[in-house]
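These notes are about the structure you will find just below.
The values are calculated or read from the model by the stated rules, or taken from the named source; none is laboratory data. For clarity, every value in this text was computed on a predicted model and none was experimentally measured. Here the Cβ positions follow ideal geometry from the backbone for every residue, glycine too, while neighbour counts run over all protein chains shown.
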Ligand SMILES: C[S@@+](CC[C@H](N)C(=O)[O-])C[C@H]1O[C@@H](n2cnc3c(N)ncnc32)[C@H](O)[C@@H]1O
């Protein structure tokens with residue numbers, strides 16, 4: 001019992017430490033930006049006391065949820081303490097060195113600053129841009145090498161706790177196939193990025209076949225390095241487009257998709273949902289996680305507004321008002337549920 005309590009305190013302390021580090025970084029970088037570019041007209045986002053209290057309470061509930069799910073063995077507790085410190089150490093100086101480039105792009109509103117060597121016809125138009133003023137967009141090894149830590153900072157150290165919210169509904173949904181051997185169940189993580197979600201999934205699903213798909217070869221290479229030492233069967237990585245998944249109809253039992261939808265135009269969101277429906281077997285489970293939305297998180301509207309003003313996120317303001325529940329239902333899914341955790345909303349639905 002005492003051991004449990006100590007480990008819960010250790011978990012909360014770790015999370016609070018990461019949160020303070022994230023906030024300190026943001027404060028420092030904003031000050032530096034204002035010093036170097038005093039005439040920037042980016043506008044300052046001042047968090048008032050009430051908003052700060054709401055953020056704090058919401059992060060506390062997220063941590064509680066994360067801890068409780070681990071206590072119930074929905075995933076192993078070691079996932080809660082799994083931090084790639086060495087990786088962060090190599091990524092952090094790169095983030096500082098790259099910062100002036102992102103400010104410059106932001107100042108010039110230059111969203112098409114992409115590597116010259118890419119074959120643009122291989123990517124959809126909406127993808128060929130510097131989302132969040134990211135150097136090279138999603139299209140270079142450099143971008144892939146710093147992405148994780150940038151997300152970690154953006155979410156004040158709680159990105160993985162939010163990603164783990166997909167695990168419980170996935171597990172519940174996969175129960176529909178409890179008569180099949182676990183090793184025959186296939187879970188696809190769409191827009192998998194540089195490996196963080198895959199690591200959480202492998203931690204929770206030791207035997208199932210896990211596949212990660214993304215449009216960016218660089219992000220997949222980074223993911224491959226990140227997950228190469230994980231216990232369990234090899235995770236397959238596929239370069240592909242969520243709009244045309246390279247899978248047969250009814251061939252997968254689970255699909256997860258984390259932080260993709262806010263970066264897609266509305267029509268593409270609908271197309272991707274149809275694709276998810278096509279490849280899932282009847283009874284299969286879809287779990288989406290993305291930004292919170294205006295309707296169910298009114299306390300955080302200011303943060304949402306600031307997000308798409310400060311970062312280049314051209315589809316975000318439409319996304320936060322999009323009725324995703326209705327879209328999922330129109331696609332043909334049943335048992336649609338949704339719930340928000342700090343900055344992330346999670347939907348689950350059954351085909
Ligand atoms: C914000 S990142 C999220 C990455 C990851 N899921 C995570 O939790 O950090 C968005 C990812 O979606 C990928 N992406 C964007 N559009 C895509 C599409 N149409 N098909 C497949 N991947 C796409 C990008 O390459 C990028 O890796």
- Message: I'd like to check something: does the range 254-266 contain any residue that is away from the ligand (no atom under 11 Å from the Cβ), assigned by TED's automatic domain parsing to the domain that holds residue 330 and surrounded by fewer than 16 Cβ atoms within 10 Å (Cβ to Cβ)?
- Response: yes
- Taking residue 166 and the conditions (1) in contact with a helix residue (DSSP H, G or I) (Cβ under 7 Å, 6 or more places away or on another chain); (2) buried (at least 18 other Cβ atoms within 10 Å of the Cβ), which numbered condition does it fall short on, given that it satisfies the others? (1)
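Among the candidates 83, 65, which residue alone is farther than 23 Å from residue 313 by Cα, outside any helix (DSSP H, G or I), touching a residue at least 24 places away in the same chain (Cβ under 8 Å) and within 18 Å of the chain's Cα centre (by Cα)? Let's see the steps before the verdict.
Numbers: 65 fails: outside any helix (DSSP H, G or I).
Among 83, 65, only 83 is farther than 23 Å from residue 313 by Cα, outside any helix (DSSP H, G or I), touching a residue at least 24 places away in the same chain (Cβ under 8 Å) and within 18 Å of the chain's Cα centre (by Cα).
Rundown of residues vs (1) outside the structural domain of residue 132 (by TED's automatic domain parsing); (2) in contact (Cβ under 8 Å) with a residue 24 or more places away in the chain; (3) more than 16 Å from the ligand (Cβ to nearest atom); (4) more than 26 Å from residue 15 (Cβ to Cβ), yes/no style:
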{"site": "301", "(1), (2), (3), (4)": "yes, no, yes, no"}
{"site": "310", "(1), (2), (3), (4)": "yes, yes, no, no"}
{"site": "323", "(1), (2), (3), (4)": "yes, no, yes, yes"}
{"site": "331", "(1), (2), (3), (4)": "yes, yes, yes, yes"}
{"site": "336", "(1), (2), (3), (4)": "yes, no, yes, yes"}
{"site": "346", "(1), (2), (3), (4)": "yes, yes, no, no"}
- Across the range 171-198, what is the total count of residues that are out of contact with any strand residue (DSSP E or B) (no Cβ under 6 Å at 6 or more places or on another chain) and in a helix (DSSP H, G or I)? 7
- What do you reckon, is residue 142 under 20 Å from residue 20 (Cα atoms) and surrounded by 15 or more Cβ atoms within 10 Å (Cβ to Cβ)? no
- Query: Is it fair to say residue 52 is assigned to a helix (DSSP H, G or I) and not assigned by TED's automatic domain parsing to the domain that holds residue 133?
  - Reply: yes
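Among the listed residues 193, 173, 137, which satisfies the condition of being buried (at least 21 other Cβ atoms within 10 Å of the Cβ) and more than 12 Å from the ligand (Cβ to nearest atom)?
On the way: 193 fails: more than 12 Å from the ligand (Cβ to nearest atom); 137 fails: more than 12 Å from the ligand (Cβ to nearest atom).
Just a single option satisfies the conditions, and that option is 173.
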- Item | Residue check, residue 178 in the same structural domain as residue 314 (by TED's automatic domain parsing), free of Cβ contacts under 8 Å to residues at least 24 places away in the same chain, more than 9 Å from the ligand (Cβ to nearest atom) and more than 20 Å from residue 260 (Cα to Cα) | yes
- Residue check, residue 148 near the ligand (Cβ under 10 Å from one of its atoms), farther than 25 Å from residue 104 by Cα and either assigned by TED's automatic domain parsing to the domain that holds residue 21 or not in a loop (DSSP other than H, G, I, E, B) (or both): no
- Query: Just one of the numbered conditions (1) touching a helix residue (DSSP H, G or I) at 6+ places or on another chain (Cβ under 7 Å); (2) in contact (Cβ under 8 Å) with a residue 40 or more places away in the chain; (3) on the phi > 0 side of the Ramachandran plot is not true of residue 145; which one?
  - Reply: (3)
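Conditions tested, residue by residue: (1) crowded, with 17+ Cβ neighbours inside 10 Å; (2) near the ligand (Cβ under 10 Å from one of its atoms); (3) assigned to a strand (DSSP E or B); (4) modelled with pLDDT of 95 or more.
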site: 202; (1), (2), (3), (4): yes, no, no, yes
site: 224; (1), (2), (3), (4): no, no, no, yes
site: 231; (1), (2), (3), (4): no, no, no, no
site: 243; (1), (2), (3), (4): no, yes, no, yes
site: 250; (1), (2), (3), (4): no, no, no, yes
site: 276; (1), (2), (3), (4): yes, no, no, yes
site: 289; (1), (2), (3), (4): yes, yes, yes, yes
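Determine whether the range 210-222 contains at least one residue that is in contact (Cβ under 8 Å) with a residue 12 or more places away in the chain and more than 16 Å from the ligand (Cβ to nearest atom). Steps first, answer last, please.
Step one: list which residues in the range 210-222 are in contact (Cβ under 8 Å) with a residue 12 or more places away in the chain, which gives 210-222.
Adding the requirement that they be more than 16 Å from the ligand (Cβ to nearest atom) leaves none.
No, every residue in the range 210-222 fails to be in contact (Cβ under 8 Å) with a residue 12 or more places away in the chain and more than 16 Å from the ligand (Cβ to nearest atom).
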